[in-house]
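Everything on this sheet refers to the single structure shown next.
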């Protein structure tokens with residue numbers, strides 16, 4: 001019994017001495033944190049089976065300490081890209097859309113011209129459409145799109161960015177197209193509106 005009481009007493013003393021030190025959390029970002037947010041439309045030009053695909057969409061999210069964004073985005077194919085012809089000779093076109101988590105680092109956000117590095121990680125769908133049916137043989141895929149942008153501060157609530165990046169897609173099993181036909185470099189134009 002004396003041993004148990006002694007052990008409990010030692011544990012209590014250790015907790016009392018270590019308690020104040022243990023109460024201080026270690027954090028990645030210390031001090032005051034500034035918050036904001038922005039979003040806006042994006043146009044991307046990227047290859048699809050050696051043709052030029054135009055993707056329209058946008059992204060936005062929570063902007064932390066004038067340097068890091070956590071948000072989401074989504075894009076859809078806006079122009080007609082011919083797909084393999086059906087057995088009855090009717091022309092078909094690709095339908096494609098994707099979206100996901102967006103992470104963006106903004107270097108020296110306060111400068112007139114600066115750069116950003118971003119990545120979209122998500123999923124999408126690819127299918128065909130024809131005059132008779134909207135979608136057929138739809139397939140899903142994983143996508144990751146890292147990119148770098150040069151950005152211009154037009155006003156305190158508006159920015160314009162030009163960028164390049166690489167689109168990587170995995171999981172396509174649709175007839176007549178492979179991942180190699182969708183992977184490749186892209187160019188983008190971004191308009192951002194918000195509190196930077």
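Computed from the coordinates by the stated procedures, all read-outs in this text should not be read as laboratory data. Everything quoted here is computed from the prediction, not taken from an experiment. Every residue, glycine as well, gets a Cβ built from its backbone with ideal geometry; the counts of neighbours run over all protein chains shown.
Beyond 13 Å, what share of the Cα-Cα pairs of the stretch 139-196 is found? Please give it as a whole percent. So the portion of pairs separated by more than 13 Å is 66 percent.
For residue 52 and residue 117, FRET efficiency with R0 = 22 Å and r from the beta-carbon atoms, rounded to 0.05? With a Förster radius of 22 Å, E is 0.35. Of the residues 27, 42, the one with the fewest other Cβ atoms within 10 Å heads the list, and the complete ranking is 27, 42.
Put in line by how crowded their Cβ is, counting other Cβ atoms within 10 Å and starting with the fewest, 69, 191 read 191, 69. In this structure, residue 160 and residue 105 have a Cβ-Cβ separation that, at R0 = 22 Å, corresponds to a calculated FRET efficiency of about 0.75. Counted over all Cα-Cα pairs of the stretch 36-195, pairs farther apart than 28 Å make up 26 percent. Ordered by the count of other Cβ atoms within 10 Å of each Cβ, fewest first, 178, 119, 190 give 178, 119, 190.
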